[in-house]
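Q: Please read through the structure below; I'll follow up with questions.
The values are calculated or read from the model by the stated rules, or taken from the named source; none is laboratory data. As the structure is a computational prediction, the values presented were derived from the model and not from experiment. Because the Cβ atoms are built from the backbone with ideal geometry, glycine has one as well, and the counts that use them run over all protein chains shown. The protein model used for the area step is the full one, side chains on, heavy atoms only, and it has no ligands, DNA or RNA in it. Shrake-Rupley method; radii C 1.70, N 1.55, O 1.52, S 1.80 Å.
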Amino acid sequence: MSKVLEVKNLNKYFGKKQVLHDVSFDLEEGEILGFIGPNGAGKTTTIKLILGLQSISKGEVFINGYNVKKDFSKAIASVGAIVESPDLYMYLTGRQNLKLMSSYYKGITKEDIDRVIKLVGLEHRIDDKVSKYSLGMRQRLGIAASLLHKPKLLILDEPTNGLDPEGIKEMRELLKNLAKKKIAILISSHNLSELESFITTACVIQNGKVISTSSVKKLKQKSTTTFKIDLNTTKGIDKVLNDNYEIIDEDSIELYVEKEEITKYIKKLIDNKYDIYQVVKEELSLEEAFIQMTGGNKID
Amino acid sequence: MIKATKNELYKIFHKKFIYLVLIITVVFTILFGVLDVLSNEDDSYDNNINMSKHSMEILETNGLATSSDYAYQKSLVEMYTLLKDRNIDPKSPEAYYIQNTLFSYINQYNLLLVENDIKELIDNAKIEMDKSIKRLDNFDWKELVQERINEEQNQKCTDQNCEEIKKETIRVLEYRINHDIPFTNTNASSYIEEYISLYSQYINVKDSNDELLNYNDLYEKKQLERQISEMQYMLDHEIYTSSFTDANTGNKMIDEFSYPNVMIAIVVIVLSATVVSEEFSKGTIKQLLVKPFSRNKIIISKMLAVLITSIAFTFAFNIISTVIQGIFEGDLITIFGNDIVYNFNTKKCIEISYIMESLIAFIYALPMIILLGIFVFALSTITTNAPFALGMGFGAYLSESVFQLLIRRASLISYAPTLNYNLSPYMFGGINSIKELYLSKAIAVDLVSFVVLFILIIIVFNKKDIKNQ
């Protein structure tokens, strides 16, 4: 797989204040990278540096092998992006917006425009003025606009902002389908739980520094698993188990152990005359995994 | 670049603003036309008689029945009654004779009458008046002109100037006879009268040494030379209309093109102030900057779009207001005619079509549109603050008249771009009424201002970081 985006040691100063410290990460085709961090961590600034919207103080960005600083037009030609909010001309209709955007690229046909309209499901409202759209519809039109020229890299800055759960679900499906078509997607959010079901890689940024980048699969594997156990009583359980559990109520506990060790613990409980009614493996959220990994740093 | 400019134009022409200004223009021009028609006084003889009678009544009730005002109003009533009774065409030589020569006799007689002067004087005045009225029975305007020629010839002159004025006056009077132009209330006749009065002014400065004159006098002299030359040309070519005698719609069209109207300034300033800053305030600039176009291309395409729109709007505006005015004045056809233009360099007149002259005037006024636009554009690009750029733009537009007043106190002000950005005073070799302002300086100031602002815009836009919301 080839690298679509390479971010190397990106630094940004606003005056004397350094807002980005050596931010680095890569993105390959078909990969969906979640760029996660609290508000003000430097997500949008990083994205703006990648897109040439702000000058790079130090470091380099390559898109499709082209240096953004030196070969801007070539580098940016294969990028579709929404930064902060979908930037549309309110006094034009949806279709007029798409037509206008398409004229900046070569060879976009009327069919291409119809294709993206269908892709984001705006067929019925496309000839209305954008000022009459809901935020969710604008988001979708924004994505349609950024997909017009069949980009290899799609950059979405907080695309779920203002979307209702249904909208978030639709967007998730849309992005998964795009990734299947080998588009690399960089998606930023301050809310990890929204992204965890579909991103392939997570990159966490805090105070302008990347504190971890890893594949979601690995992350989940590495961490302990939570098991909820219902039993007859929790009395005296502190004498049986170490401190890797929590009492939920008088007849159930949560146990945090490696998956392979659960049998050992169940046996121990049975040996100590406890009746076990049910053992349920609880999915660990990505956020919890991160908290574990980063030693208890809350992300938001 | 063409594509990017086309896109910018697409955006501009999808906003309502320009259409709104055009509609306002049409509405206002029609409104002014209608008001003009409504305010035209009823010039019929009956109306004039009634008005003067009314004035007489007021004077009588105020005990002023013996005043010269009363005599004047009484004379007017008698004069208009005469015109009415004899059914005289207001544009005929008779009407002119009655309203000028005969009126003075009537007024003289009435004045003596109301003042109850010596009977002998009153009788004499009556005899003179009746004699003048009698002339109407067998009216021959050429005879009257010949009498004036004789009067002129008998006039004794003591200096060269008087001789020359006398000669020219006789020439023009003979011209009337030869070209069949009686004294009337028509353009041709009043035009010839105006020529003679200007000629007497001109003859006094004709031989003065240009180098010894102060600037104001030199300016006046050149203007007189121009007017005399134009009028002589027109007499020679039997054309009797000009911008001095009556401003026809053709002349008004040239004026419109020579000095961009306030509506045009509004459009240029608002467009220049918003075309960049709006993209910043609405965030759409980000979408634009992530397109495979260099920032230079993007900003230059915006400048071009503003320029093209301003020019298109200026033409649309001027043509619309000219056409509407022409319809109300009833002389729209004049715009397809020719104007007489004086060339200050060759000191000769040429004929040029009003349309061509308007285009030339527009080219001379173009630096004003370009500089006003780029100034506001630069402010809007640097600050991305539309209200600020708008305010400064209107300030600059209005500064011209303020600077003109201040220029006497500080000659450095003569380098202000707003005093130099309209080149129309210099058309056909003309000079500015202000000494410190001249064409070469104007061109230099305009070029320097343009280059400085252009470079500033390019540098600032290229360096600009798109701040986080």
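Q: Compute the length gained on full extension between B:Val452 and B:Ser440: take 0.36 nm times their separation in residues and subtract their Cα-Cα distance, giving the result in nm to one decimal.
A: Gain on extension, B:Val452 to B:Ser440, equals 2.5 nm.
Q: Counting only other residues whose beta carbon sits under 13 Å from that of B:Lys297, what net charge do I get with K and R as +1, D and E as -1?
A: Net charge in that neighbourhood comes out at +4.
Q: Then there is this: Ignoring ligands, DNA and RNA, what percent of the 1.4 Å accessible area of chain B is carbon and sulfur?
A: In chain B, the share of accessible area belonging to carbon and sulfur is 59 percent.
Q: Could you tell me the center-to-center distance, by alpha carbons, between region B:123-186 and region A:4-21 in angstrom?
A: Rounded to whole Å, the Cα centres lie 94 Å apart.
Q: Hydropathy first: keep DSSP H helices in chain B averaging at least 0.5 on Kyte-Doolittle, then drop any whose Cα extent along the axis falls short of 30 Å, and list what survives.
A: Span-like helices in chain B: B:17-39, B:295-329, B:354-383, B:439-463.
Q: Under a 5 Å amide H to amide H cut-off, with H placed in plane at 1.01 Å, what residues pair with B:Ser353 once short-range neighbours are removed?
A: B:Asp339
Q: Let me ask something else. With the other protein chains left in place, how much accessible area per residue, in square angstrom, belongs to the protein assembly as shown at a 1.4 angstrom probe?
A: With all protein chains present, the protein assembly as shown gives 50 Å² per residue.
Q: Moving on. What lysines sit close enough to B:Lys74 to cross-link, taking a C-alpha to C-alpha distance under 24 Å and skipping anything fewer than 8 places away on the same chain?
A: B:Lys53, B:Lys84, B:Lys91, B:Lys119, B:Lys126, B:Lys131, B:Lys134
Q: Okay, next question. May I ask you to find the residues of region A:57-91 that are shielded by at least 50 Å² of accessible area once the whole protein assembly is considered instead of their isolated chain (probe 1.4 Å)?
A: The answer is A:Glu84, A:Asp87, A:Tyr89, A:Tyr91.
Q: Moving on to the next point. Counting only trypsin sites (Lys or Arg not before Pro) that are in a DSSP loop and have at most 10 other C-beta atoms within 10 Å, tell me the longest site-free stretch of chain B.
A: Looking at chain B, B:157-408 is the longest stretch - no exposed trypsin sites (Lys or Arg not before Pro) with at most 10 other Cβ atoms within 10 Å.
Q: Another question, then. Could you compute Rg(Cα) / (2.2 N^0.38 Å) for region B:326-469, with N its residue count?
A: The reported ratio for this selection is 1.32.
Q: Turning to a different aspect of this structure: Of A:Leu51, A:Leu98, A:Leu241, which is the most mobile in a GNM of chain A whose springs link Cα atoms less than 10 angstrom apart?
A: Of the options given, A:Leu241 has the highest mean-square fluctuation.
Q: How big is the B/A interface in buried accessible area, both sides summed, 1.4 Å probe, to the nearest 100 Å²?
A: Chains B and A together bury roughly 2700 Å² of accessible area.
Q: Based on the Kirkwood radius over alpha-carbon pairs, what value in µm²/s does the Stokes-Einstein equation return for the translational diffusion coefficient of the protein assembly as shown at 10 °C and 1.306 mPa s?
A: Calculated translational D: 46 µm²/s.
Q: May I ask for the net charge around A:Phe14, where only other residues with Cβ less than 11 Å from the Cβ of A:Phe14 are counted and Lys, Arg are +1 while Asp, Glu are -1?
A: +3
Q: Shifting gears a bit: Where Lys and Arg each count +1 and Asp and Glu each count -1, what net charge lies around B:Ile127 among other residues with Cβ under 14 Å from its Cβ?
A: +1
Q: I need the phi-derived Karplus couplings for region A:144-151: 6.51 cos²θ - 1.76 cosθ + 1.60, θ = phi - 60°, integer Hz, Gly and Pro marked x.
A: Karplus values, whole Hz, x for Gly and Pro: 4, 4, 7, 9, 3, 9, 6, x.
Q: Distance between Cα centroids, region B:47-86 to region B:267-306: provide it in whole Å.
A: Distance between centres, Cα-based: 69 Å.
Q: OK, next. GNM, chain A, Cα, under 10 Å: largest mean-square fluctuation among A:Asp275, A:Asp164, A:Asp127?
A: The residue with the greatest mean-square fluctuation here is A:Asp275.
Q: While we're here: Counting partner chain Cβ atoms within 10 Å of every residue's Cβ in A:144-151, what's the average?
A: 1
Q: In addition: Only loop residues by DSSP count here, and only those with at most 11 other Cβ atoms within 10 Å; note down the GluC sites (Glu not before Pro) in region A:56-158 that meet that.
A: Of the GluC sites (Glu not before Pro), the ones in loops of region A:56-158 whose Cβ has at most 11 other Cβ atoms within 10 Å are A:Glu123.
Q: What value in Å³ per residue do you get for the convex hull of the alpha-carbon atoms in chain A?
A: 159
Q: Another question, then. Taking the Cβ-Cβ separation of A:Asn177 and A:Glu28 as r and a Förster radius of 22 Å, what is the calculated FRET efficiency to the nearest 0.05?
A: So, using R0 = 22 Å, E works out to roughly 0.80.
Q: Can you pull the one-decimal nm distance between simple spin-label points at B:Lys166 and B:Arg295, each 7 Å off the Cα toward Cβ?
A: Simple spin-label model gives 8.0 nm for this pair.
Q: Further question on the same structure: Considering the Cα positions of chain B, please state its Rg to one decimal place and its Dmax as a whole number of Å.
A: Every Cα atom of chain B included, Rg and Dmax give 30.1, 102 Å.
Q: Another question, then. Which lysines, if any, have their Cα less than 24 Å from the Cα of B:Lys441, not counting same-chain residues under 8 positions apart?
A: Reachable lysines: B:Lys221, B:Lys222, B:Lys347.
Q: Using +1 at the C-beta of Lys and Arg and -1 at the C-beta of Asp and Glu, which of A:Leu192, A:Ser212, A:Thr45 has the Cα lying farthest in the positive direction of the dipole of chain A?
A: Checking the options against the dipole of chain A, the answer is A:Thr45.
Q: Please find, in a Gaussian network model of chain A (springs between Cα atoms separated by less than 10 Å), the residue of A:Glu261, A:Glu196, A:Glu282 whose mean-square fluctuation is greatest.
A: Per the Cα network of chain A with a 10 Å cutoff, A:Glu261 tops the list.
Q: Share of region A:103-248's accessible area from carbon and sulfur, percent, 1.4 Å?
A: Carbon plus sulfur share of accessible area: 49 percent.
Q: How about region B:9-106: which chymotrypsin sites (Phe, Trp or Tyr not before Pro) there are in a DSSP loop, with at most 16 other Cβ atoms within 10 Å of their Cβ?
A: Of the chymotrypsin sites (Phe, Trp or Tyr not before Pro), not one in the loops of region B:9-106 has a Cβ with at most 16 other Cβ atoms within 10 Å.
Q: From zero outward in steps of 5 Å, how is the percent of C-alpha pairs of region B:1-121 spread across the bins?
A: For region B:1-121, the binned pair fractions read 2, 9, 12, 12, 11, 9, 7, 5, 5, 4, 4, 4, 5, 5, 3, 2, 1, 0, 0 percent.
Q: Would you please name the GluC sites (Glu not before Pro) within region B:199-285 that are DSSP coil residues with at most 11 other C-beta atoms within 10 Å of their C-beta?
A: B:Glu238
Q: Compute the longest continuous run of chain A that contains no exposed trypsin sites (Lys or Arg not before Pro); treat a site as exposed when its DSSP state is not H, G, I, E or B and it has at most 13 other Cβ atoms within 10 Å.
A: Answer from the scan: A:107-180.
Q: Tell me which lysines have Cα within less than 19 Å of B:Lys16's Cα, excluding those fewer than 8 residues away on the same chain?
A: Hits, sequence-local ones excluded: A:Lys129, A:Lys132, B:Lys6, B:Lys282, B:Lys302.
Q: Another question, if that's okay. With n ≥ 4 as the cut-off for DSSP H runs, can you work out [θ] at 222 nm for chain A, using -39500 (n - 2.57) per run divided by the number of residues, rounded to the nearest 500?
A: Using -39500 (n - 2.57) per qualifying helix, the result is -8500 deg cm²/dmol.
Q: Then there is this: Can you give the translational diffusion coefficient of region A:224-283 in µm²/s, computed by Stokes-Einstein from the Kirkwood radius over Cα pairs at 4 °C and 1.567 mPa s?
A: 114
Q: Angle between the Cα long axis of helix A:110-119 and the longest principal axis of chain A, 0 to 90 degrees, nearest 10?
A: Helix A:110-119 sits at roughly 20 degrees to that axis.
Q: In nm, give the distance between the simple-model label positions of A:Glu84 and B:Glu329, each being 7 Å from the Cα along the Cα-to-Cβ direction.
A: Modelled inter-label distance: 5.2 nm.
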